[in-house]
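Visitor: Attaching a single structure in structure tokens format; questions to follow.
Rule-based calculations on the coordinates, nothing more; no lab input. A quick note: this is a predicted structure, and the numbers were derived from the prediction, not measured. Don't worry about glycine lacking a Cβ; one is built from the backbone with ideal geometry, like all the others, and counts go over all protein chains shown.
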Amino acid sequence: MKKALLIVDVQNDFCPGGTLGVKEGDKVVPVINKLMEQFALVITSQDWHPTDSVHFEKWPVHCVAGTHGADFHPDLLSDKIDLKLRKGTDNRDDGYSAFEATNIALAKYLRDHEVTTIYVCGLTTDYCVKQTALDAVKQGFHTYVITDAIAAVNAQPGDDRRALNEMYAAGCVLVESEEI
Ligand code: VGL
Ligand code: ZN
């Protein structure tokens, strides 16, 4: 069993003070930094939108390619990252899932590296973490979601709980970082 840590969208715009800052979004950073040591393969995704994306009909402008808002949270240990994915780069779709990355075909990359098991963490529970975890299961990977290393938009109260239920029902294993 070869495992990879997949860190979804730990970017300034999803952290407090960002244009789509989520409550306690920055709290995932120390948890994730600690986890990175336990993984031989660390992969990140970044929301990386053009300014004129259809995505911004639903969301405040965030994570525009090349801007400070699209950078990783400054405390994330970025030198430990083996592969950086970019997604949402097209102006026609949302690109919530890391499996929709446009700079590399993630599923193929994982298979080529004989990864069978993926641990998903990051931002946000109810959008990109959820879509990434659901796609990971669909692609046949053993998929864990690290419940103390994620944070939600919660546009509607309870969206975080509903997202976790959906991931669990699809076959994801919910774990806490201490159990890994
Ligand atoms: C995300 C909303 C809009 C995410 C991205 O990373 O979860 N959420 N774009
Ligand atoms: Zn986005």
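Visitor: So, in segment 66-98, exactly how many residues are out of contact with any helix residue (DSSP H, G or I) (no Cβ under 7 Å at 6 or more places or on another chain), of a type in the set (S, T, N, Q) and within 14 Å of ligand 2 (Cβ to nearest atom)?
Guide: 2
Each row is one residue, and each column tells you yes or no for (1) without any contact (Cβ under 8 Å) to a residue 60 or more places away in the chain; (2) under 13 Å from the mean Cα position of the chain (by Cα); (3) buried (at least 23 other Cβ atoms within 10 Å of the Cβ).
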| position | (1), (2), (3) |
| --- | --- |
| Thr124 | no, yes, yes |
| Lys130 | yes, yes, yes |
| Lys138 | yes, no, no |
| Ala149 | no, yes, yes |
| Gln156 | yes, no, no |
| Asp160 | yes, no, no |
| Tyr168 | yes, no, no |
| Leu174 | yes, no, no |
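Visitor: Exactly one of (1) in contact with a Leu (Cβ under 7 Å, 6 or more places away or on another chain); (2) over 28 Å from Glu114 (Cβ atoms) is unmet by Ala4. Its number?
Guide: (2)
Visitor: In segment 12-45, which residues are touching a Phe, Trp or Tyr at 6+ places or on another chain (Cβ under 8 Å) and over 18 Å from Ile146 (Cα atoms)?
Guide: Asn12, Leu20, Gly21, listed by residue number.
Visitor: Mind listing just one residue for me: the one in segment 1-11 that is of a type outside the set (A, V, I, L, M, F, W, C) and away from ligand 2 (no atom under 13 Å from the Cβ) and, of those, nearest to Phe56 (Cα to Cα)?
Guide: Here the answer is Lys3.
Visitor: Hey, another quick one. Can you work out which of the residues in segment 97-122 that are within 14 Å of ligand 1 (Cβ to nearest atom) and not in a loop (DSSP other than H, G, I, E, B) is surrounded by the fewest Cβ atoms within 10 Å (Cβ to Cβ)?
Guide: If we take residues in segment 97-122 being within 14 Å of ligand 1 (Cβ to nearest atom) and not in a loop (DSSP other than H, G, I, E, B), then Glu100 is surrounded by the fewest Cβ atoms within 10 Å (Cβ to Cβ).
Visitor: Before we move on, is Ala149 closer than 14 Å to Ser97 by Cβ, more than 16 Å from ligand 2 (Cβ to nearest atom) and in contact with a helix residue (DSSP H, G or I) (Cβ under 7 Å, 6 or more places away or on another chain)?
Guide: Against the criterion (closer than 14 Å to Ser97 by Cβ, more than 16 Å from ligand 2 (Cβ to nearest atom) and in contact with a helix residue (DSSP H, G or I) (Cβ under 7 Å, 6 or more places away or on another chain)), Ala149 does not qualify.
Visitor: Conditions: (1) more than 13 Å from ligand 1 (Cβ to nearest atom); (2) in a loop (DSSP other than H, G, I, E, B). Asp94 meets all but one. Number of the miss?
Guide: (1) is the only condition that Asp94 fails.
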